[in-house]
Amino acid sequence: MTVSSSQSSSAVEIDCGACVLRPFVPDDAASLAELANERDIWLMVRDRFPHPYTLRHAQEFIADAGTRVPPTNLAITVDGRAVGSISLFLQTDIERVSGELGYWLGKPYWGRGIMAPAVQAMTAYAIRMFSLTRVFAILASHNVAS
C-alpha cells in the first residue's frame, strides 16, 4: 500500500494494489450513477443512500465530498474508473476518537479482492489522518464477504 497526501484534498492517493483510493472528481458522476443504481447495493447500505441512484445524486455526493478537507469520502478506482466509494464518518462527543466506515462496490467488481485492501487502507488513513483509536463498520449479516 502506497499513501501520498497533503493538506490539499486532491493530493490524497492511496494505492491498495487491487485499487486506488482518491478523492472524487466531477467526471466520476456517470460511473457512480451507473454502478450505484443497483438494488443489491442499496439493500446493504444505510438508509441515506438513495434508490434509484441518479446522476443528480452522484453529482450532489461528489460536490459535498469535495468540501471535506482532509477528505473523508474517497473513490475506489480500478484502472482510473470510480467503481465504488469508501467513507469515514467521524464520531462526536465521547466517541470523538472513533470513525465509522461505510463502503460499497459496483456489482461487476465483486469477488475481485478489491474491498479488503480498500478497507485496510482507509482504516490506516483514518487512524493516521484523524488520530483515531477506533475504526468500525456496521455490517449486513447477509453479506458474508463484508
Taking every pair of Cα atoms in the chain, average 1/r, invert it to obtain the Kirkwood radius, and report Rg/Rh to two decimals. 0.93
Taking the Kirkwood radius as the inverse of the mean 1/r across Cα pairs, report the Rg/Rh of region 88-146. 1.02
Nearest-10 value in Å² for the accessible area of Thr54, using the 1.4 Å probe: 60 Å²
What percentage of the solvent-accessible surface of region 31-146, computed with a 1.4 Å probe over protein heavy atoms, is contributed by carbon and sulfur atoms? 53 percent
Given 30-37, 110-117, the highest-first ranking by average Cβ count within 10 Å works out to 30-37, 110-117
Can you give the translational diffusion coefficient of region 9-93 in µm²/s, computed by Stokes-Einstein from the Kirkwood radius over Cα pairs at 10 °C and 1.306 mPa s? 120 µm²/s
So with the 1.4 Å probe, I'd like the accessible area per residue for the chain, rounded to whole Å². 55 Å²
Note down the net charge around His51, summing +1 for each Lys or Arg and -1 for each Asp or Glu among other residues with Cβ under 9 Å from its Cβ. 0
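Add +1 for every Lys or Arg and -1 for every Asp or Glu among the other residues with Cβ under 13 Å from the Cβ of Pro70, and state the total.
Its environment carries a net charge of +2.
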Can you give the helix-only mean residue ellipticity at 222 nm for the chain, where every DSSP H stretch with n ≥ 4 adds -39500 (n - 2.57) and the sum goes over all residues, rounded to the nearest 500 deg cm²/dmol? -8000 deg cm²/dmol
Over region 50-146, what is the percentage of antiparallel beta bridges among all DSSP beta bridges, to the nearest 5? 75 percent
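The values are calculated or read from the model by the stated rules, or taken from the named source; none is laboratory data. Given the structure is predicted, the values throughout are model-derived calculations rather than measurements. No Cβ is skipped: glycine too gets one built from the backbone with ideal geometry, and neighbour counts run over all protein chains shown. Protein only, heavy atoms only, side chains kept; ligands, DNA and RNA dropped before computing areas. Shrake-Rupley method; radii C 1.70, N 1.55, O 1.52, S 1.80 Å.
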